[in-house]
1. At a probe size of 1.4 Å, how large is the accessible area of HIS48, to the nearest 10 Å²?
2. Of the listed pairs LYS403/LYS426; LYS144/LYS178; LYS43/LYS314; LYS175/LYS266; LYS156/LYS188, which have alpha-carbon separations greater than 22 Å here?
3. List the residues, sorted by chain then number, that are 5 or more residues from TYR377 or on another chain and whose placed amide H is less than 5 Å from its amide H.
4. Percent of accessible area on the chain owned by carbon and sulfur, 1.4 Å probe?
5. What GluC sites (Glu not before Pro) in region 241-271 are in a loop by DSSP, with at most 12 other Cβ atoms within 10 Å of the Cβ?
6. Which of the chymotrypsin sites (Phe, Trp or Tyr not before Pro) found in region 300-330 are in a DSSP loop and have at most 16 neighbouring Cβ atoms, other than their own, within 10 Å?
7. Among the trypsin sites (Lys or Arg not before Pro) within region 28-129, which fall in a DSSP loop and have no more than 16 other Cβ atoms within 10 Å of their own Cβ?
8. What is region 160-289 by shape, rounded, prolate or oblate, if you read a ≥ b ≥ c off the alpha carbon gyration tensor as root eigenvalues and call it rounded for a/c under 1.5, prolate for a/b larger than b/c, and oblate otherwise?
Amino acid sequence: MRRVTPLLALLALGTAGAQKVSLTFLHGFTGPDRPVMEGLIKKFNDTHPNIEVRAQAQPWATTWQQLPALVASGRAPDVAVINEDQITGFVARGAVSPLTPAELSGAGISKTRFFGPLFATADYKGQSYGVPISSVAYVMFYNKDLMKKVGLDPAKPPRTRAEFLRAAQLCTVDKSGKNSTQAGFDPKNLDTWGVSLYNNWVGSRAAYAAILQNGGALTDKNQNAAFNSPQAVSAVQFLVDLVQKQHVARPNSTEEAELAAFSQGKVCMFPSGQWYLDRFETQKMNFGVTFLPRIGGNVRDAAWGGSSHLTLLKQRPGYSADKRRAALEFIAWLSQPAQNLTWTATGSLPTQAAVASNAQFAKAPISGIFDRLGSVYATSGYPWVGQVMGPFDAAWEAAYLGKKTVSQALNDGVSEANKQIEQARKNFQ
């Protein structure tokens, strides 16, 4: 037998210690954001010779369908991106591995670097299960020319309920030039509307934000639906009154119709997702973007937000500790400010204050919401998001269209949601 010298033995150990770790990374960034993600992955691989990340991009819906079977069979990817409306459900089913404080600290991931509610979106029962990589929010676009025309300062968009209502009233003008506060105003013969409301799930996110702003919530401490509280009824009633009493929002409208009206200069304020920013910029509109005013109440600032989180899935017994350490290193790197700044080119919001304060945003319209990014709240924290949001969206539609009173719509929605939750709980026993 060939004799192994101590030096050769040491060299062999060194080579083994430097062995490349290969990671699989599953994500749903399949649109224009895909090349940006692929560029980031290449940069990571180029700068981390001991780790190779191999990414697979596929539609989100495909991932939600496949993930339980992948985890159950021990074939889960090393790192996966899960969105805010799905993550708690997968956590409650045991498909996602918790990230311990020691692991986060060891990887250099500090919760305090991120906007609080955004990071907490992936928390469940006191444990963290994900690190945010991407974020979107419900914002309020406004037409600067229309505001200026009625004597409002477009550099000071409304923040309070009173300021918002006044702006909506002044901007709602009939064909004779009278606004909604003046005698002789004709609400059936309008030239411009004050604000857009509409009946789909995006429209209901204004109601969701209003409830949070008034100190309410969609669920109670037992994770049952509770969006019929006095705070919720009051908040939603204000929105419905904009249509039925104030006549500053169009009744029975759709997101498409309101989007067209805003683009044509016929609506002053258009609350919706930030994803319309590129459209308005392309149209060269004179518009601004602001955080959703406190339309629901004055308890706190709040707006709805969506997000995507880097997670470590539950792995088969005997899974390599080296792989988990490498996966944490990849998550830490991808969520650093420099990479997050790169990712904002896709239209994502900054996930952390250090990125939001970057000079490149100084003149960007979207920076109008950056002072309150810490008040963006996702619909998460309970496993049955769909069982809550479906009935909530239907309740908003019924109230907005005047098919039911606000109280009746919300009561019926809560009743339906809790029936669905009762069935859903059986999947989490």
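1. Its heavy atoms expose roughly 30 Å² to the probe.
2. LYS403/LYS426; LYS43/LYS314; LYS156/LYS188
3. Under 5 Å from the amide H of TYR377 lie the amide H atoms of ALA303, TRP304, GLY305, each far enough along the sequence or on another chain.
4. Details: 9850 of 19170 Å².
Looking at the chain in its full context, I get 51 percent from C and S.
5. Values: sites: GLU255, GLU256, GLU258; in loops: none.
Answer by residue number: there is no such site.
6. Counting only loop positions with at most 16 other Cβ atoms within 10 Å, the chymotrypsin sites (Phe, Trp or Tyr not before Pro) in region 300-330 are TYR319.
7. Details: sites: LYS42, LYS43, ARG54, ARG75, ARG93, LYS111, ARG113, LYS125; in loops: ARG75, ARG93, LYS125.
Taking region 28-129 and a limit of 16 other Cβ atoms within 10 Å, the loop trypsin sites (Lys or Arg not before Pro) found are ARG75, ARG93, LYS125.
8. oblate
The values are calculated or read from the model by the stated rules, or taken from the named source; none is laboratory data. Just so it is clear, the model here is predicted, and its values are computed rather than measured. Ideal geometry is used to build each Cβ from the backbone, glycine not excepted, and the neighbour counts take in all protein chains shown. Surface areas here come from the heavy atoms of the whole protein model, side chains and all, with no ligands, DNA or RNA. Shrake-Rupley method; radii C 1.70, N 1.55, O 1.52, S 1.80 Å.
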